[in-house]
1. Scanning for something polar (S, T, N, Q), surrounded by fewer than 18 Cβ atoms within 10 Å (Cβ to Cβ) and assigned to a loop (DSSP other than H, G, I, E, B), does segment 164-182 turn up at least one residue?
2. Of the residues that make up segment 108-125, is at least one in contact (Cβ under 8 Å) with a residue 24 or more places away in the chain, within 15 Å of the chain's Cα centre (by Cα), closer than 22 Å to Ala182 by Cβ and assigned to a strand (DSSP E or B)?
3. Being open to solvent by 40 Å² or more (accessible area, probe 1.4 Å), in contact (Cβ under 8 Å) with a residue 12 or more places away in the chain and in contact with a helix residue (DSSP H, G or I) (Cβ under 9 Å, 6 or more places away or on another chain) is the requirement here; does Asn189 meet it?
4. Can you name every residue in segment 64-116 that is of a type in the set (Ser, Thr, Tyr) and open to solvent by 30 Å² or more (accessible area, probe 1.4 Å)?
5. Can you give me the number of residues within segment 151-169 that are out of contact with any Phe, Trp or Tyr (no Cβ under 9 Å at 6 or more places or on another chain) and small (Gly, Ala, Ser)?
6. Can you name the condition, by its number, that Pro161 falls short on among (1) without any contact (Cβ under 8 Å) to a residue 40 or more places away in the chain; (2) under 24 Å from His86 (Cα atoms); (3) touching a Pro at 6+ places or on another chain (Cβ under 6 Å)?
7. Do we find that Glu54 is open to solvent by 90 Å² or more (accessible area, probe 1.4 Å) and at pLDDT 90 or above in this structure?
Amino acid sequence: MATTARQQGGAGWPKGSSYSHRYPVATSSMSIERTINLYPLTNYTFGTKDPLYEKDASVAARFQRMREEFDKIGTRRTVEGVLIVHEHGLPHVLLLQLGTTFFKLPGGELKPGEDESEGLKRLLTETLGRQDGVQQDWIVEDVIGNWYRPNFEPPQYPYVPAHITKPKEHKRLYMVQLGEKALFAVPRNYKLVAAPLFELYDNAPGYGPIISSLPQLLSRFNFIYN
(Lines give C-alpha, C1' and ligand atoms only; values in the text may rest on other atoms or scores of the structure.)
Protein backbone atom coordinates (compact mmCIF):
# COMPACT_ATOMS: atom_id res chain seq x y z
CA MET A 1 0.00 0.00 0.00
CA ALA A 2 1.42 3.36 -0.99
CA THR A 3 2.02 5.96 1.68
CA THR A 4 2.10 9.72 1.28
CA ALA A 5 4.97 11.98 2.28
CA ARG A 6 2.81 13.29 5.12
CA GLN A 7 2.20 9.76 6.40
CA GLN A 8 5.94 9.21 6.34
CA GLY A 9 6.42 12.22 8.57
CA GLY A 10 7.72 14.64 5.95
CA ALA A 11 6.25 17.51 4.01
CA GLY A 12 7.75 16.49 0.71
CA TRP A 13 10.98 15.87 -1.11
CA PRO A 14 13.74 16.70 -0.54
CA LYS A 15 13.49 16.32 3.22
CA GLY A 16 15.13 19.08 5.16
CA SER A 17 14.77 21.59 2.34
CA SER A 18 15.42 25.08 3.64
CA TYR A 19 13.40 26.85 0.96
CA SER A 20 10.10 28.38 2.01
CA HIS A 21 8.23 30.70 -0.35
CA ARG A 22 7.66 34.22 0.91
CA TYR A 23 4.15 34.58 -0.37
CA PRO A 24 1.29 34.63 2.15
CA VAL A 25 -0.74 31.44 2.34
CA ALA A 26 -4.47 31.95 1.85
CA THR A 27 -6.50 31.06 4.92
CA SER A 28 -9.99 31.87 3.65
CA SER A 29 -12.35 29.11 2.58
CA MET A 30 -11.70 27.65 -0.84
CA SER A 31 -13.80 28.85 -3.73
CA ILE A 32 -14.94 25.66 -5.43
CA GLU A 33 -16.12 27.33 -8.62
CA ARG A 34 -14.57 30.52 -9.98
CA THR A 35 -16.12 32.67 -12.67
CA ILE A 36 -14.17 35.13 -14.80
CA ASN A 37 -15.84 37.71 -17.04
CA LEU A 38 -14.37 37.98 -20.52
CA TYR A 39 -15.01 40.91 -22.85
CA PRO A 40 -14.41 41.19 -26.61
CA LEU A 41 -10.98 42.25 -27.81
CA THR A 42 -12.72 45.06 -29.72
CA ASN A 43 -13.71 46.62 -26.37
CA TYR A 44 -10.08 47.59 -25.76
CA THR A 45 -8.04 50.40 -27.28
CA PHE A 46 -4.30 50.03 -27.84
CA GLY A 47 -1.99 53.01 -28.07
CA THR A 48 1.80 53.24 -28.01
CA LYS A 49 4.45 54.74 -25.74
CA ASP A 50 8.22 54.89 -25.42
CA PRO A 51 10.13 51.61 -25.72
CA LEU A 52 10.56 49.54 -22.57
CA TYR A 53 13.91 47.81 -22.44
CA GLU A 54 15.05 44.88 -20.33
CA LYS A 55 17.43 45.58 -17.45
CA ASP A 56 20.00 43.25 -18.95
CA ALA A 57 21.61 43.51 -22.38
CA SER A 58 21.87 39.74 -22.85
CA VAL A 59 20.83 36.42 -21.36
CA ALA A 60 24.33 35.99 -19.93
CA ALA A 61 24.12 39.41 -18.27
CA ARG A 62 20.73 38.53 -16.83
CA PHE A 63 22.02 35.41 -15.11
CA GLN A 64 25.13 37.22 -13.91
CA ARG A 65 22.97 39.87 -12.23
CA MET A 66 20.73 37.16 -10.80
CA ARG A 67 23.81 35.43 -9.36
CA GLU A 68 25.05 38.67 -7.77
CA GLU A 69 21.63 39.53 -6.32
CA PHE A 70 21.11 35.99 -5.02
CA ASP A 71 24.12 36.41 -2.74
CA LYS A 72 22.51 39.55 -1.28
CA ILE A 73 18.75 38.98 -1.23
CA GLY A 74 18.26 35.28 -2.00
CA THR A 75 15.61 33.89 -4.32
CA ARG A 76 14.40 36.34 -6.95
CA ARG A 77 10.62 36.84 -6.86
CA THR A 78 8.84 37.57 -10.12
CA VAL A 79 5.14 37.95 -10.90
CA GLU A 80 3.28 37.87 -14.20
CA GLY A 81 -0.30 38.68 -15.09
CA VAL A 82 -2.63 36.57 -17.25
CA LEU A 83 -5.04 38.94 -19.03
CA ILE A 84 -7.79 37.28 -21.05
CA VAL A 85 -10.22 38.59 -23.68
CA HIS A 86 -12.39 36.75 -26.16
CA GLU A 87 -12.92 36.77 -29.90
CA HIS A 88 -16.04 35.05 -31.23
CA GLY A 89 -16.50 33.24 -27.93
CA LEU A 90 -12.94 31.86 -27.81
CA PRO A 91 -10.61 32.87 -24.93
CA HIS A 92 -7.42 34.68 -25.95
CA VAL A 93 -4.46 35.54 -23.70
CA LEU A 94 -2.76 38.92 -24.14
CA LEU A 95 0.98 38.43 -24.73
CA LEU A 96 3.84 40.81 -25.35
CA GLN A 97 5.77 39.90 -28.49
CA LEU A 98 9.39 40.99 -28.99
CA GLY A 99 10.77 40.31 -32.44
CA THR A 100 9.24 37.42 -34.36
CA THR A 101 9.56 34.48 -31.97
CA PHE A 102 9.72 35.72 -28.34
CA PHE A 103 6.54 36.00 -26.29
CA LYS A 104 6.09 36.90 -22.63
CA LEU A 105 3.39 37.65 -20.11
CA PRO A 106 3.37 41.20 -18.69
CA GLY A 107 5.10 41.43 -15.33
CA GLY A 108 8.60 41.30 -13.92
CA GLU A 109 10.74 41.35 -10.81
CA LEU A 110 9.47 42.39 -7.40
CA LYS A 111 11.46 44.73 -5.23
CA PRO A 112 12.83 43.32 -1.95
CA GLY A 113 9.95 43.10 0.53
CA GLU A 114 7.35 44.28 -2.01
CA ASP A 115 3.84 42.86 -1.76
CA GLU A 116 3.26 40.65 -4.80
CA SER A 117 -0.21 41.97 -5.66
CA GLU A 118 0.85 45.61 -5.42
CA GLY A 119 4.07 44.80 -7.23
CA LEU A 120 2.18 43.19 -10.12
CA LYS A 121 -0.06 46.25 -10.39
CA ARG A 122 3.05 48.45 -10.54
CA LEU A 123 4.61 46.30 -13.24
CA LEU A 124 1.40 46.16 -15.30
CA THR A 125 1.18 49.96 -15.14
CA GLU A 126 4.82 50.32 -16.20
CA THR A 127 4.28 47.93 -19.10
CA LEU A 128 0.75 48.64 -20.34
CA GLY A 129 -0.49 51.63 -18.32
CA ARG A 130 -1.94 54.57 -20.20
CA GLN A 131 -0.03 57.87 -20.35
CA ASP A 132 -2.83 60.41 -19.97
CA GLY A 133 -2.68 60.40 -16.18
CA VAL A 134 -5.73 58.16 -15.72
CA GLN A 135 -4.91 55.32 -13.33
CA GLN A 136 -5.61 51.86 -14.67
CA ASP A 137 -7.65 49.69 -12.31
CA TRP A 138 -5.88 46.31 -12.21
CA ILE A 139 -7.90 43.63 -10.43
CA VAL A 140 -5.46 40.92 -9.38
CA GLU A 141 -7.31 37.67 -8.76
CA ASP A 142 -6.19 34.09 -8.10
CA VAL A 143 -2.71 32.64 -8.19
CA ILE A 144 -2.82 30.14 -11.05
CA GLY A 145 0.74 28.85 -11.15
CA ASN A 146 4.16 28.68 -9.49
CA TRP A 147 7.38 28.10 -11.41
CA TYR A 148 10.89 27.67 -10.04
CA ARG A 149 14.34 28.18 -11.53
CA PRO A 150 16.74 25.79 -9.77
CA ASN A 151 19.97 27.19 -11.21
CA PHE A 152 21.30 30.29 -12.96
CA GLU A 153 20.15 28.82 -16.26
CA PRO A 154 17.04 29.07 -18.50
CA PRO A 155 15.09 25.94 -17.38
CA GLN A 156 12.15 26.49 -15.02
CA TYR A 157 9.83 23.89 -13.50
CA PRO A 158 6.34 23.89 -11.90
CA TYR A 159 7.88 22.36 -8.75
CA VAL A 160 11.12 22.61 -6.78
CA PRO A 161 13.38 19.92 -8.27
CA ALA A 162 14.86 17.29 -5.97
CA HIS A 163 18.00 18.25 -4.08
CA ILE A 164 17.42 21.99 -4.66
CA THR A 165 17.24 23.61 -1.24
CA LYS A 166 16.83 27.18 -2.48
CA PRO A 167 15.68 27.95 -6.05
CA LYS A 168 17.26 30.92 -7.73
CA GLU A 169 13.92 32.34 -8.89
CA HIS A 170 10.28 31.86 -7.90
CA LYS A 171 7.77 33.03 -10.51
CA ARG A 172 4.09 33.38 -9.71
CA LEU A 173 1.31 33.71 -12.29
CA TYR A 174 -1.85 35.64 -11.42
CA MET A 175 -5.21 35.87 -13.12
CA VAL A 176 -6.01 39.55 -13.75
CA GLN A 177 -9.67 40.41 -14.25
CA LEU A 178 -10.00 43.03 -16.97
CA GLY A 179 -12.72 45.65 -16.89
CA GLU A 180 -15.33 45.91 -19.60
CA LYS A 181 -13.30 48.57 -21.44
CA ALA A 182 -9.73 49.80 -21.13
CA LEU A 183 -7.00 51.74 -22.89
CA PHE A 184 -3.56 50.13 -23.01
CA ALA A 185 -0.34 51.87 -24.02
CA VAL A 186 2.09 49.35 -25.50
CA PRO A 187 5.86 50.05 -25.61
CA ARG A 188 6.94 50.63 -29.21
CA ASN A 189 9.48 47.81 -29.17
CA TYR A 190 6.74 45.30 -28.35
CA LYS A 191 3.55 44.11 -29.98
CA LEU A 192 0.57 43.15 -27.86
CA VAL A 193 -0.99 40.06 -29.40
CA ALA A 194 -4.06 38.03 -28.45
CA ALA A 195 -3.24 34.32 -28.64
CA PRO A 196 -6.12 31.81 -28.55
CA LEU A 197 -5.88 29.03 -25.97
CA PHE A 198 -6.03 26.36 -28.65
CA GLU A 199 -2.87 27.80 -30.21
CA LEU A 200 -1.02 27.81 -26.89
CA TYR A 201 -2.03 24.29 -25.92
CA ASP A 202 0.85 21.79 -26.12
CA ASN A 203 2.91 24.36 -28.02
CA ALA A 204 6.06 24.73 -25.93
CA PRO A 205 8.25 25.04 -29.07
CA GLY A 206 6.34 28.18 -30.06
CA TYR A 207 5.61 29.79 -26.70
CA GLY A 208 7.78 28.10 -24.08
CA PRO A 209 6.69 25.77 -21.26
CA ILE A 210 5.04 28.41 -19.05
CA ILE A 211 2.77 30.09 -21.60
CA SER A 212 1.91 26.76 -23.26
CA SER A 213 0.71 25.46 -19.85
CA LEU A 214 -1.94 28.19 -19.54
CA PRO A 215 -4.82 26.23 -21.13
CA GLN A 216 -4.49 23.57 -18.41
CA LEU A 217 -4.10 26.14 -15.64
CA LEU A 218 -7.14 28.10 -16.82
CA SER A 219 -9.39 25.07 -17.25
CA ARG A 220 -10.64 25.36 -13.66
CA PHE A 221 -12.35 28.70 -14.40
CA ASN A 222 -15.80 29.25 -15.81
CA PHE A 223 -15.63 31.96 -18.45
CA ILE A 224 -18.61 34.26 -18.95
CA TYR A 225 -18.58 35.81 -22.43
CA ASN A 226 -20.02 39.28 -22.28
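1. Filtering segment 164-182 down to residues polar (S, T, N, Q) leaves 165, 177.
Now restrict to residues that are surrounded by fewer than 18 Cβ atoms within 10 Å (Cβ to Cβ): 165, 177.
Still in the list and also assigned to a loop (DSSP other than H, G, I, E, B): 165.
Yes.
2. yes
3. In short, no.
4. Thr100, Thr101
5. 0
6. The single condition Pro161 does not satisfy is (2).
7. Against the criterion (open to solvent by 90 Å² or more (accessible area, probe 1.4 Å) and at pLDDT 90 or above), Glu54 does not qualify.
The values are calculated or read from the model by the stated rules, or taken from the named source; none is laboratory data. Just so we're clear, the structure is a prediction, and the values are computed from it rather than from any experiment. Glycine also receives a Cβ, built like all others from the backbone with ideal geometry; neighbour counts cover every protein chain displayed. All accessible areas refer to the heavy atoms of the entire protein, side chains included, with ligands and DNA or RNA removed. Shrake-Rupley method; radii C 1.70, N 1.55, O 1.52, S 1.80 Å.
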